[in-house]
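One structure is given here, and the rest of the page talks about it.
Bear in mind these aren't lab numbers, they're just calculated from the coordinates by the rules spelled out. Remember, it's a predicted structure, so these values are computed and weren't measured experimentally. When we count neighbours, we look across all protein chains shown, and the Cβ atoms used for this are built from the backbone with ideal geometry, even at glycine.
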Amino acid sequence: MQAKISIQNLNYTYEDGIEALRDISLEIPANEIFVLFGPARSGKSTLLRLLNRLSDLDEGTARQGTILFNGQDVFDRTVNVSVLRRRISMVFAVPTPLPGSIYDNLTYGLKMAGIRERSELDRRVEQSLKQSALWDEVKDRLGASAFALSGGQKQRLCIARSLALEPDVVVLDNPTSGLDPISTATVEESLFDLKERYTIIMVPHSVQQAARVADQAAFLLDGELVEVGEAGKMFVQPKDQRTEDYITGRFG
Amino acid sequence: MTTNPSVITPAVGQKEGQRIPIGEWLIENLIRLAGLSTIVIVVLIFLFLVREGGPAFLDIPLRQLFGSRWYPIEGIFGLLPLLVGSLIVTVGAVTIAVPLGLICAIYLGEIAPTWQREILKPLIEMLAGIPSIVLGFLGWVVLAPLIQNAGAATGLTAFTGAIILAYMSLPTIISISEDALYAVPKEYRDGALAIGATQWQTIWRVVLPAARSGIVIAVMLGIGRAIGETMAVMMVTGNAANIPTLSSGLIFEPVRTMTATIAAEMGEVAQGSLHYNTLFGIGIVLFVITFAINSLAGRIVGTRGARRTGGKL
Amino acid sequence: MNRQQTNRFAVAVITSVAILVVVPIVLVILFVLYNGIGVINWEFISTAPRNGMREGGIWPALLGTIFLTFGTAIISFPLAIGAAIYLSEYAADNRMTRMVRLAIVNLAGIPSIVYGLFGLGAFVLFMQFGTSILAGSLTLGILTLPVVISTAEEAISSVPQQFRTVSLSLGATRWQTIRHQVLPHALPGILTGVILGLGRAAGETAPILFTVAAFYLPDLPQSIFDQTMALPYHLYVISTQVPGMPLDIQYGTALVLLLIVLSLTLVATFVRTSMRRRREW
């Protein structure tokens, strides 16, 4: 089966010469939860940003290697970046609602894509809120300001916002970082349902979270891919000593 | 979920292979054009000044051009009286405005309680907004007679101009000095107070020296503001193109500034005449002076400061 | 004197000086108000001057100022907003951008009389618009560019970066992001800048001396190619060129001009503070 996303020999260097990613090669299968973990500043967020080309905003960077999405090079000149970003949709660490109502937040991306029919918008709003386990809590106040929600609700709103675009891949960069344990559990729970429809790529908040949710996992250290494989095996018996040291907490 | 996995599929409203729709491409380039137009405008201003003013520098022998008689009726165009006039009025204005403005800035930044600041800052902004013609009018109607009553031969003097100009430069000097004081880190003050310094000692020995470069900028920009003022000085400085001497009372004499000369005489010149060219030539001098001052200062302050001073750095 | 006494003395001096500086501002406004208010009535505002300006009202000058202010807005608004968007959203950190910023700083410092010369040379003569509302509006429009650009840029930059990032990651294009997530939230700040700029333009005399202003016109302007009277120039003329001019009319004219400019400044400040209060983030 062709991998959903195939990262091939990816190198990425910042303006000041710092190598953020060194020769990364990864295959991300469809409909699984793929977790990318490692200590701070090992390149995880950089890699995620390259997936949907938010990295285009960086000035003065150098890139080698490529990323294939469904077999197509995402960096190809003919690629429409807006379409790409709707197919590979990102959720950020800090919940960031846009000013406006809950409904506005959910339909913003759709309207920018040219979808304006009220019935279609309503359908996607309901569907995405149900998928992110937020529907029951807000269905009666879709017109309320998104800023009035609690932290956990805001983050689920952001997840729903991505889902409303009906992407292929949902990328989550440390989505539960600011959330309380209950909200964290709710988000993790919803991921299991989501992977049936979407491919999930996630940077976890902790190794424990990685172990809880991952199907496949990759350990990134200082921009280098140390180990990748089935999560069940990796967290019990890692192949590389560095992976084991990190998982057992010898460094962080 | 969409069935077609192709990412090359274009978005609504755009052709195959095009990365962004035509409408967007147009808008983005119009925006770039608007940004670059600022450079074009500055260049154009200079070019037009040179176009109309260049003949003055070419046709008038330099010795006369910088001579001490400005007598257009007889075809004598010596700029010195005008330069001196601008100089005296500007120096006078800055001498008054810098100490006053600096003290005000200190008061606002270091001493005044918040509620006072909320009242005083809008007031100073209001001063910045008063049209120069109104201040000139008041100078003409109120201040000049006062000075005349105090003993001067006439109330329309460089001194009168200096006072009015000082008030007009105050908002610039106050806000830039205030910014400079504000930029001094809190730790400096805390450190001084912690070792027992009084508020005044802290200000005098710690805050002011630290803000020195910003204050210098404030002074430079105040000078630029004063040199460029036209209507207010035109109304109160008497418009006599003489060079005041010590015996005739120096700043209590009428003078003519460069700006007032242009404003007063342009209406009467024939287009294309040497007089006309010379007036533009004075414009070139003004442009160069303010360009130099503002480039130097702007390099350090940046456009961030421009908003607070109403765009005039 | 010991340190404590020095301190108290210094603080007292500073405070007094500050009051000394600020009080005349209030006095000036009150003074003009007091001396001019007697003349202000509907007739004053709506009729033309008579008898060599010694009687009658200021209507043509007022109308001229209104026309010029509109013209200034039309010229400077699009250019300034465009330049502000360019600076905060499109400009990379390179030499070209630095030159643009330098240009704006210098535009801010050019004396208003030099703008008048430019307007004369470029619009009145070269473009052959003649002394006209068109030439005057173009000149004033360029004059107000720096203040509007600075305020607008600050307003646009203060919109949180997250909104842009989120918008882009949801598939919006750069311009869509600017149009839907940046500009709407920056609009009050931009408006403040525009209104401040207009206040400045309304009060300017030097730039309109050779580009549009007329001493006395028997008829009102019919097109943008006509000359017009204007309040600042009118005040200059009646206070210096008309012998036997009643003082109260002079004060009244000054008062009207002052009120127009100050109320524009007031509206701008009001927009700025009310926007800050209504922010959701």
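Calculated over chain B, the projected area of the Cα convex hull averaged across directions stands at 27.4 nm². For the stretch B:57-306, the relative contact order is 26 percent, taking Cα pairs closer than 8 Å that sit 6 or more residues apart in sequence and dividing their mean separation by the residue count.
Grab the eigenvalues of the alpha-carbon gyration tensor for the stretch C:54-159, scale each by 5, take roots, and send me the semi-axes largest first in whole angstrom. Walk me through the intermediate numbers first.
Numbers: eigenvalues 187, 56, 25 Å².
Those come to 31, 17, 11 Å.
Among A:Arg212, A:Arg87, A:Arg77, the largest mean-square fluctuation in a Gaussian network model of chain A (Cα springs under 10 Å) belongs to A:Arg77.
What do you get when you divide the Cα radius of gyration of the stretch C:172-260 by 2.2 N^0.38 Å, with N the number of residues? Provide the component values of the computation, followed by the final result.
Numbers: Rg = 19.5 Å, N = 89, 2.2 N^0.38 = 12.1 Å.
So the Cα radius of gyration is 1.61 times the expected 2.2 N^0.38 Å.
Taken as entire DSSP H runs, the helices of chain B that both span 20 Å or more between Cα atoms along their own long axis and average 0.0 or more on the Kyte-Doolittle scale are B:22-59, B:80-106, B:114-129, B:158-183, B:212-228, B:274-301. Computed from the C-beta positions of C:Phe225 and B:Tyr182, the FRET efficiency with R₀ = 35 Å rounds to 0.10.
Of the chymotrypsin sites (Phe, Trp or Tyr not before Pro) in the stretch A:143-252, which ones lie in a loop per DSSP and count no more than 10 other C-beta atoms within 10 Å?
Of the chymotrypsin sites (Phe, Trp or Tyr not before Pro), the ones in loops of the stretch A:143-252 whose Cβ has at most 10 other Cβ atoms within 10 Å are A:Phe251.
Note on B:Leu123/A:Arg22: beta-carbon distance plugged into 1/(1 + (r/R0)^6) with R0 of 60 Å gives a FRET efficiency of 0.50.
For the stretch A:140-180, applying the loop criterion from DSSP together with a ceiling of 15 other beta carbons within 10 Å to the trypsin sites (Lys or Arg not before Pro) yields A:Arg141. Annotation: the residues C:Ile142, B:Ile163, sorted from fewest to most other C-beta atoms within 10 Å of their own C-beta, follow the order B:Ile163, C:Ile142.
One Cα centroid belongs to the stretch B:51-121, the other to the stretch B:214-286; the line between them spans 8 Å.
For the stretch C:232-281 versus the stretch C:99-175, the spacing of their alpha-carbon centroids is 23 Å. Can you tell which of A:Val236, A:Val35, A:Val169 shows the greatest fluctuation in a Gaussian network model of chain A with Cα springs below 10 Å? With Cα springs under 10 Å in chain A, the top fluctuation among A:Val236, A:Val35, A:Val169 is at A:Val236.
To one decimal place, what orientation-averaged projected area in nm² is obtained for the convex hull of the Cα set of the protein assembly as shown?
On the way: hull surface 177.1 nm².
Approximately 44.3 nm², given one-decimal rounding.
The modelled label-to-label distance between C:Arg3 and B:Ala150, using points 7 Å beyond Cα along the C-beta direction, is 3.9 nm.
On average, how many beta carbons from a partner chain sit within 10 Å of the beta carbon of a residue in C:82-93? Write out the running numbers ahead of the final one.
Numbers: counts 10, 8, 3, 7, 10, 5, 0, 2, 5, 3, 2, 2.
Mean shielding count: 5.
In terms of distances greater than 18 angstrom between alpha carbons, the cross-link table entries A:Lys44/A:Lys154; A:Lys130/A:Lys154; A:Lys111/A:Lys195 yield A:Lys44/A:Lys154; A:Lys111/A:Lys195.
When only DSSP loop residues count, what trypsin sites (Lys or Arg not before Pro) in the stretch C:29-138 have their Cβ near at most 16 other Cβ atoms within 10 Å? Kindly include the intermediate steps, with their values, before the conclusion.
Details: sites: C:Arg50, C:Arg54, C:Arg95, C:Arg98, C:Arg101; in loops: C:Arg54.
Sparse-neighbourhood loop trypsin sites (Lys or Arg not before Pro): C:Arg54.
Sorted on the mean count of surrounding Cβ atoms within 10 Å across their residues, most packed first, peptides B:45-56, B:86-97 read B:86-97, B:45-56.
Expressed to the nearest 5 percent, the antiparallel share of DSSP beta bridges inside the protein assembly as shown is 60 percent.
Give me a single rounded figure for B:101-112: the average over its residues of other chain Cβ atoms within 10 Å of their Cβ.
Values: counts 2, 2, 8, 7, 1, 6, 10, 2, 0, 2, 5, 3.
That works out to 4 on average.
Could you tell me how far the Cα centroid of the stretch A:55-79 sits from the Cα centroid of the stretch A:206-252, in Å? Each part reduced to its Cα centre gives a spacing of 27 Å.
With a 10 Å cut-off around each Cβ of A:93-99, the average count of Cβ atoms from other chains is 5.
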